[in-house]
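Below is one structure; the comments refer to it alone.
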Amino acid sequence: MLGKTITMEKLKTYLQSSYVEFAKNSTWPTMAELQKSTVLVIVASVVFSLVVFAMDKSLAGALDFLYSLFA
């Protein structure tokens, strides 16, 4: 029984310190910073998708050309 009490006290202390760290000691971005970050992620995702698409199409074209040589 004593072991469970100690474990529960440790858990309670951990949760309390986590809450304090999360709510009081953390800095949160402003709405403007969030919007800038969101736009950056969207642009980077689109650019990355276009690069992967271009690589896929060029590799498919190269393989089609090679297959046509041996067919």
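Data for the structure
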| quantity | calculated |
| --- | --- |
| Among the residues listed as THR38, THR7, THR27, the single one being β-branched (Val, Ile, Thr) and outside any helix (DSSP H, G or I) | THR27 |
| Inter-residue pairs, beta-carbon under 7 Å, first modelled with pLDDT under 90 and in segment 5-29, second in a helix (DSSP H, G or I), 6+ apart | none |
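The values are calculated or read from the model by the stated rules, or taken from the named source; none is laboratory data. Bear in mind the structure is a predicted one, so any value in this text is a computation, not a measurement. We place every Cβ from the backbone using ideal geometry, glycine too, and count neighbours over all the protein chains shown.
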